[in-house]
Amino acid sequence: MQGAGGKFGAGPKPAECLVGLDLGNGWHVKAMVRPSPAATGGHFSVGYLVESDSGRIGFLKALDFIEALRRPNFTDALQEMTAAYNFERDVALKCGQTNRVVSVLAHGSVRVSGSFGDLGNVAYIIFEKAEGDIRAELAKHKDFDLCWCLRSLHHAALGMNQLHLKGVAHQDMKPSNVFWFMDDGFKIGDFGRSSDQALPSANDLFSVPGDASYAPPEQLYGFRVTGDFTDRCAADLYLLGSLFFFFFLKVSATHLLRFCVGKLGSGAILSGDFSADVVILQRGFGDALGHLEDELRKSGFRDLAGRIVRVVGEMCDPDPRTRGNRKVKLPCRRKYDIQRYASLINDITQRAELGML
């Protein structure tokens, strides 16, 4: 079987050959987007800048299915890749018409010319083009801007709440999946690891559907409280709270928790059983919150430090049974209600904007 570079697999894949193509729907492929060294995810897709007939710039995510044919069980792999593309497309279309979620501008497929034959069909989704993600935008700031950080967190919370109202849990919230738009602020995107109550997918089978370096402790242990969508909402709340640690300490909540547990000493050895280890995790998390509060106070945020730490303490509690709204005792959607935390973050943000630090 021949490809563009000779033997199958020796040259570029069809998804890497879209530059210059007219997609036939008013969109034209301009340039490939090379991921930055800090970027994560997207190993089986290729990104492009595209332009519409009206001059609008979009971001195209392309996927071909040649990778499936390299596997011994290629029929299963082909089904898996096709289902994953269809799921991400359908979730993005379902949720992308809200103001804090990245919108889909077009989707479809295009055939790449050359010696690929029928394998030259490339599926794509075109999203609205962002200026960058949280990590890239934060790197541009010479001085720390508390109000900008808090407003970014508020926008992320609004986006996650909009997903939950649609019956979708993001499951992979991290800095690279929160995108900056010059005229609109931040929106959340990348639904490849999401869970949809109305649309089962392979993601539902994974204990850790997203990036393990950000995952909440219960997922790393394979521990579930309710065994249903409520567990996904609890995880999303943790992932959202973890962004506070990224903004103020440049690490994820999970990274800092591991560090703090490791500093507890020989009397705090983890067994691998969540129910047995949760007391140790709580101790480590208390120290992690201490680091966060110290950093906030060092930066001059005396009055707000306590408020922020209380909110983050609820959002990132290592035990999903006590995570979330302390007034709601049993794990349920109301306990992990993102709208509550969007309001709390907004209140903190407004205080910061008024100089009530």
Query - Extreme residue, positive dipole direction of segment 29-187, given options PHE59, ASN99, PRO72 (C-beta unit charges) - result: ASN99
Query raised in the report: With each label point set 7 Å from Cα along the Cα-Cβ vector, what nm distance links GLU51 and LEU93?
Result: 2.8 nm
Query raised in the report: Dipole magnitude of segment 78-148 about its Cα centre, charges +1 at Lys/Arg Cβ and -1 at Asp/Glu Cβ only, in debye to the nearest 20?
Result: 100 debye
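Please report the relative contact order for the chain, taking Cα pairs under 8 Å with a sequence separation of at least 6, and give it as a percent rounded to a whole number.
13 percent
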Query - Farthest toward positive dipole pole in segment 171-266 [+1 Lys/Arg, -1 Asp/Glu at C-beta], among VAL225, PRO209, PHE245 - result: PHE245
Query - Cα-based helix-to-principal-axis angle, 74-95 vs the chain, degrees rounded to 10 - result: 60 degrees
Report task. Taking only Cα atoms and a 10 Å spring cutoff, compute GNM fluctuations for the chain and point out the largest among VAL91, VAL225, VAL101. Result -> VAL225
Query raised in the report: From the phi of every residue in segment 56-70, what ³J(HN,Hα) in whole Hz does the Karplus formula 6.51 cos²θ - 1.76 cosθ + 1.60 yield, where θ is phi - 60° and glycine or proline is x?
Result: 6, 9, x, 10, 9, 10, 10, 9, 10, 10, 5, 4, 4, 6, 8
Query raised in the report: If you build a Gaussian network model of the chain, linking Cα atoms that sit under 10 Å apart, which residue out of GLY210, GLY300, GLY241 swings the most?
Result: GLY300
Requested in this report: Would you calculate the separation in nanometres between label points at ASN121 and ASP76, each defined as 7 Å from the Cα along the Cα-to-beta-carbon direction?
Outcome: 2.3 nm
Report task. Could you work out how far helix 302-315 tilts from the main Cα principal axis of the chain, as a 0 to 90 degree angle to the nearest 10? Result -> 60 degrees
Report summary line: If each part is reduced to its alpha-carbon centroid, segment 250-265 and segment 286-310 end up apart, in Å, by 16 Å
Requested in this report: Would you mind calculating the relative contact order of segment 210-262 from Cα pairs under 8 angstrom and at least 6 residues apart, reporting the percent as a whole number?
Outcome: 40 percent
Query raised in the report: Angle between the Cα long axis of helix 253-262 and the longest principal axis of the chain, 0 to 90 degrees, nearest 10?
Result: 50 degrees
Query raised in the report: Mind checking which of SER242, SER54, SER213 has the largest fluctuation in a GNM of the chain, springs on alpha carbons under 10 Å?
Result: SER54
Query raised in the report: If R0 is 51 Å, what FRET efficiency do you get for ARG34 and LEU264 from their C-beta distance, rounded to 0.05?
Result: 0.75
Query raised in the report: Along the positive direction of the dipole of segment 302-357 (beta-carbon charges: Lys, Arg +1; Asp, Glu -1; about the Cα centre), which of ILE345, PRO331, GLY306 reaches farthest?
Result: PRO331
Query raised in the report: Going 7 Å from the Cα of ASN325 toward and past its Cβ, which residues in segment 237-266 have a backbone nitrogen under 17 Å from where you end up?
Result: 237-238
Requested in this report: Give the distance, in whole Å, between the Cα centre of segment 94-137 and the Cα centre of segment 172-233.
Outcome: 20 Å
**Report entry** Assigned charges on the beta-carbon of Lys, Arg, Asp, Glu; the chain dipole about Cα centre (debye)
**Finding:** 640 debye
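Quick check on my link table: of LYS250/LYS327; LYS140/LYS187; LYS61/LYS140; LYS61/LYS187; LYS174/LYS329, which ones sit more than 21 Å apart, alpha carbon to alpha carbon? Could the numbers behind the result be given before it?
Details: LYS250/LYS327 31 Å; LYS140/LYS187 18 Å; LYS61/LYS140 25 Å; LYS61/LYS187 17 Å; LYS174/LYS329 28 Å.
As for pairs spanning more than 21 Å Cα to Cα, those are LYS250/LYS327; LYS61/LYS140; LYS174/LYS329.
Laboratory data are not the source of any read-out in this text; all were calculated from the coordinates shown. In this text the structure is predicted, and so the values were computed from the model without any measurement. A quick note on method: Cβ atoms are made from the backbone with ideal geometry, for glycine too, and the neighbour counts reach across all protein chains shown.
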